[in-house]
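Right, one structure below, let's go through it.
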Amino acid sequence: FLVGLELSYNRLMAMRRLVFGLGGMQILLSTLLISTVAAAAGLAAPAAIVVGASLALSSTAIVLEVLSNEGRVATNVGRASFSVLLAQDLAVIPILVYISILGTNTNASVWDTGIRALVVAVFAISLIVLVGRVLLRPLFRLVASADSSELFIAALLFVIVGTGVIAAAAGLSMALGAFIAGLLLAETEYRKSIEATIEPFKGLLLGIFFFTVGMSIGVHELVRGPVALLAGVIGLVSLKTLVLMGLGRLFRLSWPSTVEMSLLLGPGGEFALVAIGLAASLGVLGYETASFLLVLTSLTMAMIPALAIVARRFARYLEKPATLALELAHQPTPPTAPNRHAIVVGYGRVGKVVCSLLDFHKVPYTATDSDPGLVTEERRNGHEVFYGNAASPAFLKACGLMEASGIIITTQVTAVTEAIVSEVRQMRPDILIIARARDAHHARHLYAIGVSDAVPETIEASLQLSETTLVGLGVPTGLVIASIHEQRDIIRNELQTAARLAGRQGTRAVREKSTPPAG
């Protein structure tokens, strides 16, 4: 579900050349080569294909975490790695369906069994997608209107478990159902709120996942065949690394980017653990084989942080002194962290005007509103607006606050505006904050709590009225605009000075109150 939620149609289309080209070829070539090795080791052809497809996948969770911690998701290496991981995540669905088909126990022929299972799988997936498209938005709109975080979490868990049960009832895996649910929710206006909701649980859920996998691994595998295990680890990482290096150069990535991406994606991934575990439970793979592969995959995943350090240092030696050509310049940055990114809180009449001007000047932004009905209506009109509570730190992070250049707050409720300003200023002391104020008094308070600029409605209306009046009376437009700008600056300086003085007086009063009387 977490991986499915990370995907979206916009990301897919933005990087389709690398996703379907580089990523698709990596999956096919790696699957073919690993399957050949597995077949040579004595596995039957269907089981060998399962092993090859599973081990061809890389770790989305660990690789993206490593790149994110280094602030390199938006670099050439980050974009190329993300594209390959995106293709691998999309390939999970056919892999899980294929394993489910192989695990169907009937007395019919292989072809009859496969066709019947495939029809059931297609029907089940189509049903999940159709029902999800029709019911998900009304369900979450109803839940959001209740303004209850507990109810929102309950609805989210209901959707995840429900789709998993439907998939399991059709003979597929629950992981596949949850993955599809994530894909469906990624395209809704509630995506940011869902990301914020599951953020506190993400580390816990991943920890439980790896703990569960570790519990299913026999420790005796480390002792029973250490040489074979070491050879498998080195062989898997080397094979996938070589495949990725060849494809990276084919797609005109520079040598430093190619080497770094290849070493990051060479180890196995968490979906390999899911697929191999499913294959073992359905009898497609034997227990000893599955246990060996689980240990092998886990060891390669544990190597990723070390490989990332080695890859980065090795890539530096390959960099030329001359300025490198900017690869992928035509590929837009993933929408979670664009350059000069702005966040617009509130999509009423004021917010719409702000967003239209940002569109006109081609400044990327994320628009949010806390009214689920308004968000739904604007989405139907073709505007990309997300539902959520902008006073929530998790929601602000999901909107990209930590990478944004500025935030514009257009809400009418003063308490909400002040709560958002305080939260944003604590999270990002350096960010530009522009807030809508009710009047001069409210503007002074907003300056005192940390806004970069406040726009009082009453004063701004007076200035616009004065401008229209002067121009109508025949005063030259240039002089009028200059005088209005000058008057606006004077008022802004007065408000900021008053806010600073009020802050000093408040501090002095606190000190005097806390100082004990003499004698």
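Descriptive notes on the structure:
Residue-wise test of (1) under 15 Å from A275 (Cα atoms); (2) modelled with pLDDT of 75 or more; (3) aliphatic (A, V, I, L, M); (4) assigned to a helix (DSSP H, G or I).
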| site | (1), (2), (3), (4) |
| --- | --- |
| V37 | no, yes, yes, yes |
| S54 | yes, yes, no, yes |
| S58 | yes, yes, no, no |
| A74 | no, no, yes, no |
| L86 | no, yes, yes, yes |
| A91 | yes, yes, yes, yes |
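- A168 meets all of the listed conditions (1) open to solvent by less than 60 Å² (accessible area, probe 1.4 Å); (2) touching a residue at least 40 places away in the same chain (Cβ under 8 Å); (3) part of a helix (DSSP H, G or I) but one, namely (2).
- Restricting the search to helices (runs of 4 or more DSSP H) fully inside the range 227-325 and requiring at least 1 residues that are more than 28 Å from the chain's Cα centre (by Cα) and over 20 Å from V63 (Cβ atoms) gives 270-281, 287-302, 304-318.
- Among the conditions (1) crowded, with 23+ Cβ neighbours inside 10 Å; (2) modelled with pLDDT under 85; (3) among the aromatic types (F, W, Y), the only one that Y190 does not satisfy is (2).
- Flag for R438 being within 25 Å of the chain's Cα centre (by Cα), of a type in the set (D, E, K, R) and open to solvent by 30 Å² or more (accessible area, probe 1.4 Å): no
- Matching option when the condition is modelled with pLDDT of 75 or more, open to solvent by 20 Å² or more (accessible area, probe 1.4 Å), among the polar types (S, T, N, Q) and part of a helix (DSSP H, G or I), among S68, S126: S126
- A search for C-beta distances below 6 Å between a residue of the range 353-370 that is more than 12 Å from H383 (Cβ to Cβ) and any residue that is of a type in the set (D, E, K, R) and open to solvent by 80 Å² or more (accessible area, probe 1.4 Å), counting only pairs 6+ apart in sequence or on different chains, returns V363/R340.
- With respect to the conditions (1) over 30 Å from L130 (Cα atoms); (2) loosely packed, with under 15 Cβ neighbours inside 10 Å; (3) at pLDDT below 75, L205 falls short on a single one, namely (1).
- Positions within the range 64-82 being in contact with a Phe, Trp or Tyr (Cβ under 9 Å, 6 or more places away or on another chain) and closer than 15 Å to L244 by Cα, in sequence order: A80
- Qualifying residue in the range 146-157 (condition: β-branched (V, I, T), at pLDDT 85 or above and open to solvent by 20 Å² or more (accessible area, probe 1.4 Å)): yes
- Test for V480: is it more than 28 Å from L396 (Cβ to Cβ) and assigned to a helix (DSSP H, G or I): yes
- Taken across the range 278-293, residues that are among the aliphatic types (A, V, I, L, M), within 18 Å of L239 (Cα to Cα) and open to solvent by 10 Å² or more (accessible area, probe 1.4 Å) do occur, with at least one present.
The values are calculated or read from the model by the stated rules, or taken from the named source; none is laboratory data. This is a predicted model, so every value here is computed, not measured. Every residue, glycine as well, gets a Cβ built from its backbone with ideal geometry; the counts of neighbours run over all protein chains shown. The protein model used for the area step is the full one, side chains on, heavy atoms only, and it has no ligands, DNA or RNA in it. Shrake-Rupley method; radii C 1.70, N 1.55, O 1.52, S 1.80 Å.
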